[in-house]
Amino acid sequence: MMGNTFPKWYDFFMSPLEKGRFKSIRRDLLQRANGTVLEVGSGTGINFPYYQSVKKVTAIEPSQNMIERSNKRTELSIVPIQIIRESAERLPFVDNTFDTVVATLVLCTIPNPEIALQEMKRVCKLDGKILLFEHVRMKNPFLAKLQDWLTPFWKKVCDGCNLNRDTVMMIKSNGLEILEKRTFYNGLFVQLEIMKK
Ligand SMILES: C[S@@+](CC[C@H](N)C(=O)[O-])C[C@H]1O[C@@H](n2cnc3c(N)ncnc32)[C@H](O)[C@@H]1O
């Protein structure tokens, strides 16, 4: 179970990236959100200021420490945000509930990402979309091996985060169709707009 150390330092360590390129990536991704939104693994609420014209955001997050750290951003948000303490592998919603499902830097950490993807697909409306921003296994074989090598240490330091997950392949093999894919930092990060098949 996640303690308080990772949540406490998360925003601090992410701030160089968040002030830089991540800002425009998140802005571009989240301006595509519409209607009722589910955000999976909302963490410290870093995405909350980027929701501008959606009806409501329902966020699920299993870590109470993360939820507490997101409270300020919840209060300041211009759209209604409700956070539920739950995990992505068992979403407490009926099928076809949300217009948009969002996950950023989460599929790397979720213990069972395939079940989480199936759950995200299930609760997304038939004409809805899934918006992702993730770090993934790199195409360059040398860099991918380096990711494999670093992962055991990285996982310990970053609360279960897997540096080497082939999330794009997992998405394709779970019956989801990628409408748009953008890559950043030599293919380490991807931004995806996905629809149900
Ligand atoms: C690296 S942080 C990303 C936070 C935020 N989404 C962002 O973009 O910065 C990963 C988050 O996934 C959450 N998480 C871990 N296991 C999860 C699960 N099974 N279901 C949903 N979220 C989970 C963690 O608690 C943490 O808040």
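Laid out as a table, the results:
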{"item": "Candidates per GluC sites (Glu not before Pro) in segment 37-106, loop by DSSP, up to 16 other Cβ within 10 Å", "result": "Glu86"}
{"item": "Segment 5-196 - percent relative contact order, Cα under 8 Å, separation 6 or more", "result": "18 percent"}
{"item": "Over the chain: helical MRE at 222 nm, DSSP H runs n ≥ 4 each giving -39500 (n - 2.57), nearest 500", "result": "-11500 deg cm²/dmol"}
{"item": "Cα Rg, Dmax (largest Cα-Cα span) when computed across segment 5-196, Å", "result": "15.6, 45"}
{"item": "Mean-position separation - Cα centroids, segment 71-101 and segment 117-178, in angstrom", "result": "21 Å"}
{"item": "Per-residue ³J(HN,Hα) for segment 15-30, Karplus 6.51 cos²θ - 1.76 cosθ + 1.60, θ = phi - 60°, Hz, x for Gly and Pro", "result": "4, x, 6, 5, 7, x, 5, 4, 4, 6, 5, 5, 4, 5, 5, 7"}
{"item": "Largest to smallest principal axis extent of the C-alpha atoms in segment 1-51, angstrom", "result": "34, 26, 13"}
{"item": "Principal axes of segment 78-151: Cα extent on each, largest first, Å", "result": "42, 29, 26"}
{"item": "Whichever lysines have a C-alpha closer than 23 Å to that of Lys121, once near sequence neighbours (fewer than 8 apart) are set aside", "result": "Lys55, Lys56, Lys129, Lys172, Lys181, Lys196, Lys197"}
{"item": "Under Karplus coefficients 6.51, -1.76 and 1.60, residue-wise ³J(HN,Hα) of segment 101-107 in Hz, glycine/proline x", "result": "10, 10, 8, 10, 6, 10, 5"}
{"item": "Cysteines having no other Cys beta carbon under 4.7 Å from their own, within the chain", "result": "Cys108, Cys124"}
{"item": "Segment 1-117: Rg to Rh, with Rh as the Kirkwood radius over Cα pairs", "result": "0.93"}
{"item": "Estimated vicinal HN-Hα couplings, Hz - segment 141-149 in sequence order (Karplus 6.51, -1.76, 1.60; Gly, Pro = x)", "result": "x, 5, 5, 5, 5, 4, 4, 4, 5"}
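Any read-out appearing in this document is the output of simple, stated calculations on the displayed coordinates, not a laboratory observation. All of these numbers come straight from a predicted model, not from anything done at the bench. Note that we place each Cβ from the backbone using ideal geometry, even for glycine, and neighbour counts take in every protein chain shown.
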